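The values are calculated or read from the model by the stated rules, or taken from the named source; none is laboratory data. In this text, all values refer to a predicted model and were calculated from it rather than measured experimentally. The area values use the complete protein model at the heavy-atom level, side chains included, leaving out ligands, DNA and RNA. Shrake-Rupley method; radii C 1.70, N 1.55, O 1.52, S 1.80 Å.
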Amino acid sequence: MSKDKFAVQERIARFANMLDLKDWDAVEDCFTETVYSDYSDLRGTPPETIPASEYVRRRREALTPIRVHHLVSNFETDFPDGNSATCRASMVIWRNTDEEEFSTHCVYSFQLTRQGADWKISGVTQTVLWNDGNPSIHKGAAKA
């Protein structure tokens, strides 16, 4: 495996792990200054490009009240040029309270940009395969 491919996978794994640990500064450090965000499958909202700080603020607001675990695998990485990468990865996200659960089985498409020696996430698109449980426990999910 190439050094860059491994670095991209490590960045995506860090993103998932830091969300679970609710280390919001470390989550923000995974991103470029602005990030393309498309969670329309889960939320029913249009894609947008927002500051990384706003992306993290929204995750903090939605995830702080619940327990969460992101499990990411099945990485498919491509390097269209020396400073950009795309990576498709499968993810299962478990969210729960003491009473209820809500899980999402999905595929993410990440866009990454080389910044110095690091790879940073510049875009996140989530495609939901299916959800289980009660979406009302997760502020970030459409309630329909």
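Normalised by the number of residues in segment 84-144, what is the relative contact order in percent for Cα pairs under 8 Å and 6+ residues apart?
33 percent
Using only Cα atoms and rounding to the nearest 10 degrees, what angle (0 to 90) does helix 3-21 make with the longest principal axis of the chain?
Approximately 20 degrees, to the nearest ten.
Using alpha carbons only, what's the Rg to Rh ratio of the chain with Rh from Kirkwood?
Answer for the chain: 0.95.
Between E54 and T113, what length comes free when the chain is fully extended (0.36 nm per residue of separation minus the Cα-Cα distance, one decimal in nm)?
19.3 nm
Please work out the Kirkwood hydrodynamic radius for segment 9-58, using every pair of different C-alpha atoms, and report it in angstroms with one decimal place.
11.4 Å
Multiplying the sequence separation of S2 and V128 by 0.36 nm and subtracting their Cα-Cα distance, what value in nm do you get?
Working it through step by step, the gained length comes to 42.4 nm.
Between R88 and E61, what length comes free when the chain is fully extended (0.36 nm per residue of separation minus the Cα-Cα distance, one decimal in nm)?
Length gained, R88 through E61: 7.1 nm.
Before I look further, what does segment 57-107 give for accessible area per residue, probe 1.4 Å, in whole square angstrom?
54 Å²
Considering only protein heavy atoms and a probe of 1.4 Å, how much of the accessible area of the chain is carbon and sulfur, as a whole percent? Don't jump to the answer; show the numbers that get you there.
Working: 3640 of 7420 Å².
Roughly 49 percent of what the probe reaches on the chain is carbon or sulfur.
Based on DSSP H runs of at least 4 residues, each adding -39500 (n - 2.57), what is the mean residue ellipticity at 222 nm of the chain after dividing by all its residues, to the nearest 500 deg cm²/dmol?
-8500 deg cm²/dmol
What accessible surface, in Å², does a 1.4 Å probe find on H105, ignoring ligands, DNA and RNA and rounding to the nearest 10?
40 Å²
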